[in-house]
There are 2 protein chains.
Amino acid sequence: MYHDIVIGRREEMGSHTFTADEIIAFATKYDPQPFHLSEEAGRRSHFGALVASGWHTGGYWMRMRVEHSRRIAAERAAKGLPPQWNGPSAGFKNLKWPKPVLAGDTVTYFTEVTGKRPLASRPDTGIIYSLNTGVNQNGDLVFSFEGTVFVPM
Amino acid sequence: MYHDIVIGRREEMGSHTFTADEIIAFATKYDPQPFHLSEEAGRRSHFGALVASGWHTGGYWMRMRVEHSRRIAAERAAKGLPPQWNGPSAGFKNLKWPKPVLAGDTVTYFTEVTGKRPLASRPDTGIIYSLNTGVNQNGDLVFSFEGTVFVPM
């Protein structure tokens, strides 16, 4: 619900280590560029290493988001609370991959509430803004976007 | 090269039919929400059907982009021309999934050049703006984002 959402709240959703095998498996199906397909081609590329497709990094953000929501729902259920409503996404802004994700890198995903406002056109609905990020084991930002979801008032 | 890029040029990159099996396989790994995981849960959801993860629709955009670039490179090679330089992405804006992609839907992906300008900070580089879309067999927009890439002047 809208009134439960605290601006500034930042949650760690989970971490994932991107292995060479899964980077190659994802890229074979969805992003068959040489630097995503073999260690050798990665070394010869401007990345200097096998790197994960940006869509792969994004796919894991989604998985972490789903698992995180499930953990919260289970915690709420244990307290006798109803599940938190996860509204439909109104789209993403400024999706960026500031640094590559190399084979063996561990990415930790975060979501932070950056703002909220009632929706003028629908008095029963509010809009929540968030900054969603992925950070590697060295503390480098490797993934980010600004999200918007609708929630009931 | 910057001077070869024609504003307003729209290219059809290719089409893909999203089968139930592959929607479920992708979602099992990257987006395990019920309406992506079984026909029955899809029917019970607000979508009323099994629908593809938005990251799956995006992943196929990337694959179509790679295959399209390869076809262009082969055509240029056949004419004795060097490959076109595909610059690094500067990020995506306004990524949207305006309608769901249902099992059995065929999505056709397009890319259109919407603008270009020289980069003030680097005289050897220009920036190209594009609108990238996916349209289903009924002509409905199901995927879109605004892209930005760097190209040599």
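For this structure, a couple of remarks:
- Selection within the range A:62-101 - within 30 Å of A:His46 (Cβ to Cβ) and touching a residue at least 60 places away in the same chain (Cβ under 8 Å): A:Val101
- Residues that are hydroxyl-bearing (Ser, Thr, Tyr) and in a strand (DSSP E or B) were ranked within the range A:82-121; the one that is farthest from B:Tyr30 (Cα to Cα) is A:Thr114.
- Considering the range A:21-52, and only residues there that are within 7 Å of chain B (Cβ to nearest Cβ) and either acidic (Asp, Glu) or not in a helix (DSSP H, G or I) (or both), the residue that is surrounded by the most Cβ atoms within 10 Å (Cβ to Cβ) turns out to be A:Asp31.
- Filtered by the rule that a residue be part of a loop (DSSP other than H, G, I, E, B) and either of a type in the set (Asp, Glu) or within 21 Å of the chain's Cα centre (by Cα) (or both), the range B:53-81 gives a lone residue, B:Ser53.
- Qualifying positions in the range B:9-20 - open to solvent by 30 Å² or more (accessible area, probe 1.4 Å) and in contact with a Leu (Cβ under 9 Å, 6 or more places away or on another chain): B:Arg10
Quick grid of which residues meet (1) under 14 Å from the mean Cα position of the chain (by Cα); (2) over 30 Å from B:His46 (Cα atoms); (3) open to solvent by 30 Å² or more (accessible area, probe 1.4 Å):
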{"position": "B:Thr106", "(1), (2), (3)": "yes, no, yes"}
{"position": "B:Tyr109", "(1), (2), (3)": "yes, no, no"}
{"position": "B:Arg117", "(1), (2), (3)": "no, yes, yes"}
{"position": "B:Pro123", "(1), (2), (3)": "no, yes, yes"}
{"position": "B:Ser130", "(1), (2), (3)": "yes, yes, no"}
{"position": "B:Asn136", "(1), (2), (3)": "yes, no, no"}
{"position": "B:Asp140", "(1), (2), (3)": "no, no, yes"}
{"position": "B:Gly147", "(1), (2), (3)": "yes, yes, no"}
{"position": "B:Phe150", "(1), (2), (3)": "no, yes, yes"}
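- Look at (1) at pLDDT below 95; (2) within 14 Å of chain B (Cβ to nearest Cβ) and you find that A:Val6 fails only one, number (2).
- Only listed residue being crowded, with 16+ Cβ neighbours inside 10 Å, facing chain A (nearest Cβ under 9 Å) and not basic (Lys, Arg), chosen from B:His68, B:His56: B:His56
- Only one of the listed residues (B:Gly91, B:Gly134, B:Gly87, B:Gly80) is touching a Phe, Trp or Tyr at 6+ places or on another chain (Cβ under 6 Å), small (Gly, Ala, Ser) and at pLDDT below 95. That residue is B:Gly87.
- Test: residue in the range A:80-89 that is over 22 Å from A:Val6 (Cβ atoms), in contact with a strand residue (DSSP E or B) (Cβ under 7 Å, 6 or more places away or on another chain) and open to solvent by 70 Å² or more (accessible area, probe 1.4 Å): no
- Considering residues of the range A:137-153 that are part of a loop (DSSP other than H, G, I, E, B) and of a type outside the set (S, T, N, Q) only, the residue farthest from A:His56 (Cα to Cα): A:Met153
- Inter-residue pairs, beta-carbon under 7 Å, first farther than 12 Å from A:Ile23 by Cβ and in the range A:36-56, second outside any helix (DSSP H, G or I) and open to solvent by less than 60 Å² (accessible area, probe 1.4 Å), 6+ apart: A:Arg43/A:Ala49
- Among the conditions (1) touching a Phe, Trp or Tyr at 6+ places or on another chain (Cβ under 6 Å); (2) facing another protein chain (nearest Cβ under 9 Å), A:Asp105 misses just one, which is (2).
The values are calculated or read from the model by the stated rules, or taken from the named source; none is laboratory data. Just so we're clear, the structure is a prediction, and the values are computed from it rather than from any experiment. So basically every Cβ, Gly included, is an ideal-geometry build from the backbone, and we count neighbours across all protein chains shown. With ligands, DNA and RNA removed, areas are computed over all heavy atoms of the protein, side chains included. Shrake-Rupley method; radii C 1.70, N 1.55, O 1.52, S 1.80 Å.
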